[in-house]
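A.B. asks: Here you go, one structure.
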Amino acid sequence: MFVNSNLVKDIAEAVGFDACGISNSEVDNDTISALKSWLAAERNAGMSYMERNIDVRSDLGLLVEGAKSVISVLYSYNTDEKPDRDDIRIAKYALGRDYHFVLKEKLNQMLEEIKKVCPQADGRAFVDSAPLFERYFAQKSGLGFIGRNKCIINTKFGSFVFIGELVVNFESDYDQPLNQTCLGCNACIKACPTKALSFDGINANKCISYQTIEKKDSIDDDVRQAKGNRIYGCDACQDCCPHNFSVPKKNGIILPEIKAFSPDELESMSNHQFQKKFANTALLRAGRKKILENCSIAMLCDGSCSE
Ligand code: B12
Ligand code: SF4
Ligand code: SF4
């Protein structure tokens, strides 16, 4: 089965994606080797899920029966909006409605529209959570190049973009990777507060994003001071990147509960109240206790009511 790529891209634009590219579903051996070396060096820190399902990552047919192509999409979240309190830093990606919801809804809408035109077409939507090389497929389908900060950089929107995919059972006229690299200025490597980023790539053990969101235990001593008042994630290796300097920005992204975020309020609420209030946000992933620890290290609260 074959579906014209222009049809797919028009649908992607109509549902609100900023860019769309299509590639076959094959993964090259270099990418799998890169992951294996990264894991062998224990750079995945406590994210043991990265060690699982390597066979699925290498063969998308194990993820979606009859997988032929990957439709990759980008959705920019770049904005100048910030929390009201300027002593609190929350990574841009977590300011708006949880991107897993936003992109999944749009991707499923896209699949329904494709099926209207081609009823035998089928597939599944993925955002972040599956064993799938999202950056690899985004660059393979010409959506951008991978910078030294390891992010996908789109020539129009920069790197503050989410990636999502439809893995589908049809072939299409495929896009080619861009013949372009990042400027190679090393500003990202210099700006990384913990030296998690180097010429060898990223060591998640030291990454503030890992330490403030994913890490189950307390933040490591050497990261505590370096993280400053970042209480959720880190944008240092993207804020400094020249590819992000003159790119379109969106308004109306930040949710009221993030804009008015207050460590004192977080301290006084129960876990249940936290889950209710922040149900639409990415903050739920780390949970109230972890965010309280992040605030307390930044001396934004005393952390005494963290249970
Ligand atoms: C694990 C993970 C993390 C970990 C580890 C980060 C990392 N770089 O691996 C932690 C918790 C630290 C993290 C942090 C962040 N993450 Co994260 N994360 C992931 C996740 C789940 C897997 C990434 C992965 O496979 N890592 C393993 C390493 C080895 O793979 P890789 O760096 O992607 O590189 C592979 C290929 O791209 C290729 N490759 C690498 N370099 C090159 C160069 C060339 C030239 C080529 C051809 C290929 C190539 O080889 C590698 C194969 O293993 C993805 C979602 C997904 N399923 O892919 C999101 C994802 C990468 N994260 C994302 C985001 C937004 C972030 C943060 C910005 C959040 C924040 N503000 O705090 C930071 C950015 C940190 C950084 N500079 O990378 C976005 C990135 C969007 C983008 N524009 O690139 C993703 C894609 C989620 C999404 N769906 O939007 N993340
Ligand atoms: S997200 Fe922050 S800590 Fe992690 S690699 Fe980038 S600059 Fe370094
Ligand atoms: S800051 Fe410089 S080296 Fe780093 S990704 Fe951007 S252009 Fe590349």
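A.B. asks: List the trypsin sites (Lys or Arg not before Pro) within segment 8-63 that DSSP assigns to loop and that have no more than 13 neighbouring Cβ atoms inside 10 Å.
C.D. replies: Here the sparse-neighbourhood loop sites are ARG52.
A.B. asks: Picking from VAL3, PHE170, GLY147, whose Cα lies most toward the positive end of the charge dipole for the chain (charges on Cβ: Lys, Arg +1; Asp, Glu -1)?
C.D. replies: Checked the options; the winner is GLY147.
A.B. asks: Mind checking the log10 I(q)/I(0) for segment 122-252 at q = 0.09, 0.11, 0.18 Å⁻¹? Debye, one equal scatterer per Cα, no solvent, two decimals.
C.D. replies: -0.31, -0.47, -1.11
A.B. asks: Evaluate the charge dipole of the chain about its Cα centre and quote only its size in Debye, nearest 20, assuming +1 on the Cβ of each Lys and Arg and -1 on the Cβ of each Asp and Glu.
C.D. replies: So the magnitude is around 380 debye.
A.B. asks: To the nearest 20 Debye, how big is the dipole of segment 1-117 about its Cα centre, given +1 on the beta carbon of each Lys and Arg and -1 on that of each Asp and Glu?
C.D. replies: Once rounded to the nearest 20, the dipole reads 120 debye.
A.B. asks: Under a plain spin-label model, where a point goes 7 Å from the Cα along Cα-to-Cβ, how far apart in nm are LEU7 and GLU42?
C.D. replies: 5.2 nm
A.B. asks: Compute the Cα gyration tensor for segment 235-285, then decide on rounded, prolate or oblate, letting a ≥ b ≥ c be the square roots of its eigenvalues: rounded whenever a/c is under 1.5, prolate when a/b is larger than b/c in the other cases, and oblate in all that remain.
C.D. replies: Prolate shape, in that a/c is at least 1.5 and a/b is the bigger ratio.
A.B. asks: Any idea which of ALA138, PHE278, GLY16 is furthest toward the positive side of the dipole for the chain, if Lys and Arg beta-carbons carry +1 and Asp and Glu beta-carbons -1?
C.D. replies: It is PHE278.
A.B. asks: In addition: Using only the alpha-carbon atoms of segment 169-229 as identical scatterers, what base-10 log of I(q)/I(0) does the Debye formula give at q = 0.28 Å⁻¹?
C.D. replies: Rounded to two decimals, the profile gives -1.21.
A.B. asks: Which one, ILE254, VAL27, VAL127, projects farthest toward the positive side of the charge dipole computed for the chain from Cβ point charges (K/R +1, D/E -1)?
C.D. replies: ILE254
A.B. asks: Rg and Dmax of segment 187-297, Cα atoms, in Å?
C.D. replies: Here Rg and the maximum Cα pair distance are 15.3, 43 Å.
A.B. asks: Let me ask another. Taking every eigenvalue of the Cα gyration tensor of the chain, multiplying by 5 and rooting it, what semi-axes result, largest first, whole Å?
C.D. replies: Semi-axes (√(5λ), whole Å): 33, 22, 19.
A.B. asks: Pull up the cross-link candidates among the aspartates and glutamates for LYS249, meaning alpha carbon to alpha carbon under 19 Å and not fewer than 8 places away within one chain.
C.D. replies: GLU13, ASP18, ASP80, GLU81, ASP84, ASP98, ASP235, ASP239
A.B. asks: Quick check: from the Cα gyration tensor, does segment 1-82 come out rounded (a/c under 1.5), prolate or oblate?
C.D. replies: Cα axes put segment 1-82 in the oblate bin.
A.B. asks: Setting aside same-chain residues fewer than 8 positions from LYS289, which lysines have a Cα under 22 Å from its Cα?
C.D. replies: LYS92, LYS206, LYS215, LYS216, LYS227, LYS259, LYS276, LYS277
A.B. asks: Moving on. Which log10 I(q)/I(0) values, to two decimals, does segment 62-146 give at q = 0.14, 0.24 Å⁻¹ under the Debye formula with one point per Cα?
C.D. replies: -0.63, -1.33
A.B. asks: Same structure, new question: Please get the size of the charge dipole for segment 187-297, origin at its Cα centre, with Cβ charges of +1 on Lys and Arg and -1 on Asp and Glu, quoted in debye to the nearest 20.
C.D. replies: 280 debye
A.B. asks: What are the semi-axes of the equivalent ellipsoid of segment 1-142, taken as the square roots of 5 times the eigenvalues of the Cα gyration tensor, listed largest first and rounded to whole Å?
C.D. replies: For segment 1-142, the ellipsoid semi-axes come out as 27, 25, 12 Å.
A.B. asks: Using only Cα atoms and rounding to the nearest 10 degrees, what angle (0 to 90) does helix 29-40 make with the longest principal axis of the chain?
C.D. replies: Tilt of helix 29-40: around 20 degrees.
A.B. asks: For the Cα atoms of the chain, what angle does the longest principal axis make with the long axis of helix 5-15, in degrees from 0 to 90, nearest 10?
C.D. replies: The angle comes out at about 30 degrees.
A.B. asks: Same structure again: Which lysines does LYS140 reach when only Cα atoms under 19 Å apart count, and residues fewer than 8 places away in its own chain are ignored?
C.D. replies: List returned: LYS9, LYS68, LYS150, LYS156.
A.B. asks: Helix 288-297 against the longest principal axis of the chain: what's the angle in degrees, Cα atoms only, rounded to the nearest 10?
C.D. replies: Around 60 degrees separate the two axes.
A.B. asks: Between GLU51 and ILE189, what is 0.36 nm times their sequence separation minus the Cα-Cα distance? Round to one decimal in nm.
C.D. replies: The GLU51-ILE189 span can extend by a further 47.1 nm.
FYI, it's all coordinate maths here, none of it is from the lab. From a predicted model like this one, the values you see are computed outputs, not experimental measurements. Reconstructed Cβ throughout: ideal geometry from the backbone, glycine too, with neighbour counts over all protein chains shown.
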